[in-house]
Every structure is written in structure tokens, then in C-alpha cells.
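The values are calculated or read from the model by the stated rules, or taken from the named source; none is laboratory data. Everything quoted here is computed from the prediction, not taken from an experiment. So basically every Cβ, Gly included, is an ideal-geometry build from the backbone, and we count neighbours across all protein chains shown. To get the accessible areas, we keep the full protein, side chains included, count just its heavy atoms, and leave off ligands, DNA and RNA. Shrake-Rupley method; radii C 1.70, N 1.55, O 1.52, S 1.80 Å.
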Amino acid sequence: KQEVTQIPAALSVPEGENLVLNCSFTDSAIYNLQWFRQDPGKGLTSLLLIQSSQREQTSGRLNASLDKSSGRSTLYIAASQPGDSATYLCAVRGGAQKLVFGQGTRLTINP
Amino acid sequence: EAGVAQSPRYKIIEKRQSVAFWCNPISGHATLYWYQQILGQGPKLLIQFQNNGVVDDSQLPKDRFSAERLKGVDSTLKIQPAKLEDSAVYLCASSGQGTVNTEAFFGQGTRLTVV
């Protein structure tokens, strides 16, 4: 059974810092990994999708990496801004289109 | 392209009452998911459909929850009777048929409060 863990559960940093969010999974037989953002009271917005054969994906100030063999992914946020404050979730897609989520990291960027 | 539509956005009911949530996925998406997200936790899969067939409902409390996906398009999730611990956000998502490049898209969710 696939299990996904995100560390840390919460993170608070001053504006302008670069930061890394971590995601680990137990079963390396995945098709892809997706990073989502969730604002309070809202649904999930997809940020990046990394296919199982890829090592990283970039979108603006966001860079996600994937090491499938070790069951790890990181989301790097450069030059953080207060508007980046949200909960960040990772999800892995495995066989039969199963999509398993981590618990999320609640990020606060302080002005 | 229209996104995943969910309704209602908010619902407040008393315990032991019944409630239903509706989801319209992105057109052409074969896979539809219902997740339950309790405050401060990650989404937990309740049920997954492939077209109008159930792929996984192992975490669905079948004594009180039911779901259907008629004609492989819209889906309805029902709770009857509701308990206090059912207070959560119910998220619907859909995705296409592919594998490595298949992305999941989520609706805005329905926030249920059971009092």
C-alpha cells in the first residue's frame, strides 16, 4: 500500500528566502508525481507534474525534483513572497490511476 | 476548457440528516475521484470511478456513504445518516486515461458542517 509523507508539517519563513518542501513515498512504482497548492477554504490547484522518467520540472519560481528510486521529491520555492502562503500537497499516481496524497506542508511567508 | 464543477459549495446539516454532493468532471475524463479532507489533514480517497465502474471504494464507509456515476459522467456522493465526524471538505477530481503525463484536476470542494 502506497504511503506518502510530507515534512515538515508546517514552515514559517521571512519573505525573500528560498525554501524546500519534502515529499517521500514508499512504493517507487509510480507513473508521476504532482505538487498542488491549496488556499484556505479552496480546492487544489496543480503546480507541477513530474513524470516517472523525469528528474525535475520548473515553473517560474518553482522547481520540483523527483528521485523515484529513493522515493523522494522536493519542491523548491525561490525568493518566497507572502502570496506563496498556502498548504502544499504532493500526490503520487500509481497503478489503476490511484492517486495518493501526503498530509501537506502549511507554509507561511512573513512580510 | 471548463474545470471540475462541484455543488453546493457549503452545507450545514444536523447529525442524522442526509446530504448529497454533485460533481461534473472535465469533459472526456474517464477517471473520477471523491476525496474527504478533514481540517489540517491531506485528502483521503473515498471512491474512484473508471467510467461508470468502481475501481476502489475500500475507504468508503458503506454503512452511511454511497456514490454513483451515471453514464460515466456526473457523479453524486450521499451521506445518510450524517455524523459529527463527517464534517470535512469533500473534493471531486477527474483525470484522463493516460499514465505518466496524466494530470488530476480538482473542483472547489464542498465544505460540510454537521452540527
The stretch A:17-49, residues that are assigned to a strand (DSSP E or B), more than 17 Å from A:T87 (Cβ to Cβ) and open to solvent by 10 Å² or more (accessible area, probe 1.4 Å): A:S24, A:F25, A:L49
All strands (runs of 3 or more DSSP E) inside the stretch B:1-62 with 1 or more residues being within 14 Å of chain A (Cβ to nearest Cβ) and under 26 Å from A:A9 (Cα atoms): B:31-37, B:44-50
All but one of (1) modelled with pLDDT of 95 or more; (2) under 29 Å from A:A96 (Cα atoms) hold for B:K11, so report the exception by its number. (2)
Only one of these is open to solvent by less than 10 Å² (accessible area, probe 1.4 Å) and more than 10 Å from chain B (Cβ to nearest Cβ): A:S80, A:S65. Name it. A:S80
For the subset of the stretch A:1-16 comprising residues that are open to solvent by 60 Å² or more (accessible area, probe 1.4 Å) and under 11 Å from the mean Cα position of the chain (by Cα), which member is modelled with the lowest pLDDT? A:I7
Inside the stretch B:90-101, can you point out the residues that are polar (S, T, N, Q) and either open to solvent by less than 10 Å² (accessible area, probe 1.4 Å) or touching a helix residue (DSSP H, G or I) at 6+ places or on another chain (Cβ under 6 Å) (or both)? B:S94, B:S95
